[in-house]
Amino acid sequence: MAEGGEKMDRGTDALKSHVNGTDAMTIRQTRRGWLQECLGCEAKTEFKYFVGENEIAHSLEDSDCCCRLWCSGIHPFTMQVKELNTEAEMISVDRPCRCGIGSCKCCCYQEMTVTSGGEELGLIKEDCYYCVPQFTITGADSNGLY
C-alpha cells in the first residue's frame, strides 16, 4: 500500500497487481560488457525490477545514441517498464532534454513525467535552488507529495 494506507487505484492492471501490497521494490541496472565500455559503444540502458528476489519487470531506455554520448547527464529519453512475461506496460517515463545541474538554477528545470495506461501518475521536477539541487514529486493533481 502507498504511504498513509492508500490503495493504488490508477494505472494499468499490470502495475496494480505488482504494486498493491508491496512495501519495497529494487531496481537494478544491467551492467555492460567491458569491451563496450572500452570502445565507447553506448548500448541502451536496461533496468530490471524486483519485489524481494522475484523479477517482475524490465525496461530499456529509448534514446538517441548521439544524445547519450554527448549529453549523457541531460539527454532526453522515454522508457516503458513492462511486465516480465506478458510485456504488458506497467508505467512509461518521459524525460525531455534540459540544462544540467549546477551551483544555482532558476530556469530550464529537469523534469520527468510518469504515466500508466495513458493516465498521468505524477511528475518529478527540479525547483529553483542555490547550492543544493532540489526536486519536487507531485501527483497527477499537481499536489506535492515529496
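The values are calculated or read from the model by the stated rules, or taken from the named source; none is laboratory data. Since the structure is predicted, the reported quantities are computational estimates derived from the model, not experimental observations. No Cβ is skipped: glycine too gets one built from the backbone with ideal geometry, and neighbour counts run over all protein chains shown.
A few notes on this one:
Here's the yes/no breakdown for (1) under 22 Å from residue 16 (Cβ atoms); (2) of a type outside the set (S, T, N, Q):
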position: 29; (1), (2): no, no
position: 44; (1), (2): no, yes
position: 56; (1), (2): yes, yes
position: 114; (1), (2): yes, yes
position: 117; (1), (2): yes, yes
position: 126; (1), (2): no, yes
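- Answer residue from segment 128-146, given it is touching a Leu at 6+ places or on another chain (Cβ under 9 Å) and farther than 21 Å from residue 19 by Cβ and is modelled with the lowest pLDDT among those: 142
- Selection status of residue 10, part of a loop (DSSP other than H, G, I, E, B), touching a Leu at 6+ places or on another chain (Cβ under 7 Å) and at pLDDT below 80: yes
- Qualifying residue in segment 120-137 (condition: touching a helix residue (DSSP H, G or I) at 6+ places or on another chain (Cβ under 9 Å) and surrounded by 10 or more Cβ atoms within 10 Å (Cβ to Cβ)): yes
- Every pair of residues 6+ apart whose Cβ atoms lie under 9 Å, when the first sits in segment 71-82 and is closer than 17 Å to residue 11 by Cα while the second is part of a strand (DSSP E or B) and of a type in the set (D, E, K, R): 79/61; 79/62; 79/94; 79/95; 80/62; 80/89; 81/89; 82/89
- Look at (1) touching a Cys at 6+ places or on another chain (Cβ under 6 Å); (2) more than 18 Å from residue 44 (Cα to Cα) and you find that residue 116 fails only one, number (1).
Residues checked against (1) in contact (Cβ under 8 Å) with a residue 40 or more places away in the chain; (2) among the hydrophobic types (A, V, I, L, M, F, W, C); (3) surrounded by fewer than 18 Cβ atoms within 10 Å (Cβ to Cβ):
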{"site": "51", "(1), (2), (3)": "no, yes, yes"}
{"site": "56", "(1), (2), (3)": "no, yes, no"}
{"site": "88", "(1), (2), (3)": "yes, yes, yes"}
{"site": "94", "(1), (2), (3)": "no, no, yes"}
{"site": "103", "(1), (2), (3)": "no, no, yes"}
{"site": "107", "(1), (2), (3)": "no, yes, yes"}
{"site": "118", "(1), (2), (3)": "no, no, yes"}
